[in-house]
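**Q** Below is a structure I'd like to ask you about.
The values are calculated or read from the model by the stated rules, or taken from the named source; none is laboratory data. This one's a predicted model, so the numbers in the text were calculated from it and none came from an experiment. Don't worry about glycine lacking a Cβ; one is built from the backbone with ideal geometry, like all the others, and counts go over all protein chains shown.
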Amino acid sequence: MQQAAGSVMQISEITTKIRQNVQKVIVGKDEPINLAMVALLCGGHVLMEDVPGTGKTTMAKALAISLGCDFHRVQCTPDLMPTDVVGVNFFNQKSAEFEFRKGPIFTQILLTDEINRATPRTQSALLEAMQERQVTIDGVTTPLPSPFLVMATQNPVEMEGTFPLPEAQLDRFMVRIVMGYPNAKEEGDIYLRFERDAVLPSLKSVTSSQELINLMKIPPMVRVDESVRKYIVSLILATREHQGFSLGASPRAGLSLYKSSQAWAAINGRDYVTPDDVKKLSHSVLPHRMILSSTSRLRGSSAEQLVKDVLGSVPVPIER
């Protein structure tokens, strides 16, 4: 138990350093940065959804630099081909042999900017990579680097010329992050910070990819009491029985909620998960995975509102 507690404190300390380093570029945004770290520690992926200009791309770049990880960016457009992402076999006339040219997916942190502007064919090229950490081209499977994190952005307002992500794709994003607008003080701090020069080029890493790989072994050590585990199961089952959803949370969603709660507890310096951790992560792990019923859509309900209803209907375990 003492070993687990010590390891958890290590995660908490390093996460604090990373968050403070990213905040040299991004003003505030404690929770979005922590959620991105949760996904990274659990081997998951991040969907950042918000209007343009809220810092989604900047945060992804700052996080990659802070982590000391390789970083590639793919700007998604309707004419983007799967080979532009994963790579292609080409014939080298000098050597008279076929060679494989790796695509930008062969990196540790991949930013797929405006992912919903890519065609479904290109979007599906990410499925194997996100789930199995490998890419198969012409029958040859090549593993991806570790750690591997996909950070995808999309604009929920401008829908012209976009292709909505299919359910199978959405289910592979562990968390959905909504950046939100800054408050008045944060807005003023942004103006002062960037009135002269960009801060991003001067940013330095505060950890290494090898240290991150070691940290990823710690969250599974965080204790989840049987009552909390049953609480997670009850929440997942409740989404499948809720009349507001035509498609509830999948087993992958339940596992993501379980693992992300462990990582969230570790980031906050605890070696045990509380029901509040589960409730907190439910708002980021569940809504984007579910499909509303036609009645809910007609009423103008949102997945976030219905998840809140589910959380209010399932009894929270209490210590006896």
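**Q** Please pick out the residue among 208, 227 that is of a type in the set (S, T, N, Q), modelled with pLDDT of 90 or more and surrounded by fewer than 17 Cβ atoms within 10 Å (Cβ to Cβ).
**A** 227
**Q** Working only within the stretch 266-289, note down all residues that are buried (at least 19 other Cβ atoms within 10 Å of the Cβ) and in contact with a Ser or Thr (Cβ under 6 Å, 6 or more places away or on another chain).
**A** 267, 273, 277, 278, 281, 285
**Q** Every residue in the stretch 278-288 that is touching a residue at least 40 places away in the same chain (Cβ under 8 Å) and under 19 Å from residue 30 (Cβ atoms), please.
**A** 281, 282, 284, 285
**Q** Here is a further query. If you take the residues in the stretch 31-63 that are farther than 10 Å from residue 151 by Cα and of a type in the set (Val, Ile, Thr), which one is surrounded by the fewest Cβ atoms within 10 Å (Cβ to Cβ)?
**A** Across the stretch 31-63, the extreme among qualifying residues is 51.
**Q** Related question: Hey, could you check the stretch 301-314 for residues that are free of Cβ contacts under 8 Å to residues at least 60 places away in the same chain and outside any helix (DSSP H, G or I) and say which is surrounded by the most Cβ atoms within 10 Å (Cβ to Cβ)?
**A** Checking each candidate, the answer is 301.
**Q** Just the residues that are surrounded by 14 or more Cβ atoms within 10 Å (Cβ to Cβ) and touching a residue at least 12 places away in the same chain (Cβ under 8 Å), please, taken from the stretch 234-245.
**A** Selection gives 234, 235, 236, 238, 239, 242, 244, 245.
**Q** What pairs can you find where one residue is in the stretch 216-229 and farther than 20 Å from residue 35 by Cα, the other is of a type in the set (A, V, I, L, M), and their Cβ atoms are less than 9 Å apart, with a gap of 6+ or different chains?
**A** 225/273; 227/318; 228/273; 228/278; 229/273
**Q** Turning to a different aspect of this structure: List the pairs whose first member sits in the stretch 169-182 and is more than 14 Å from residue 28 (Cβ to Cβ), whose second member is assigned to a loop (DSSP other than H, G, I, E, B), and whose Cβ atoms are under 7 Å apart, counting only residues at least 6 apart or on separate chains?
**A** If the second residue must be assigned to a loop (DSSP other than H, G, I, E, B), the pairs left are 171/250; 172/45; 173/45; 174/42; 174/44; 174/45; 175/44.
**Q** Tell me, which residue of the stretch 217-272 that is among the hydrophobic types (A, V, I, L, M, F, W, C) and part of a loop (DSSP other than H, G, I, E, B) is farthest from residue 316 (Cα to Cα)?
**A** Result: 218.
**Q** Taking residue 166, is it in the same structural domain as residue 59 (by TED's automatic domain parsing), in contact with a Ser or Thr (Cβ under 9 Å, 6 or more places away or on another chain) and surrounded by 14 or more Cβ atoms within 10 Å (Cβ to Cβ)?
**A** Answer is no for this residue.
**Q** Same structure, new question: Pull up the stretch 64-102, narrow it to residues that are within 16 Å of residue 124 (Cα to Cα) and in contact with a Ser or Thr (Cβ under 7 Å, 6 or more places away or on another chain), then point me to the one that is surrounded by the fewest Cβ atoms within 10 Å (Cβ to Cβ).
**A** Here the residue is 78.
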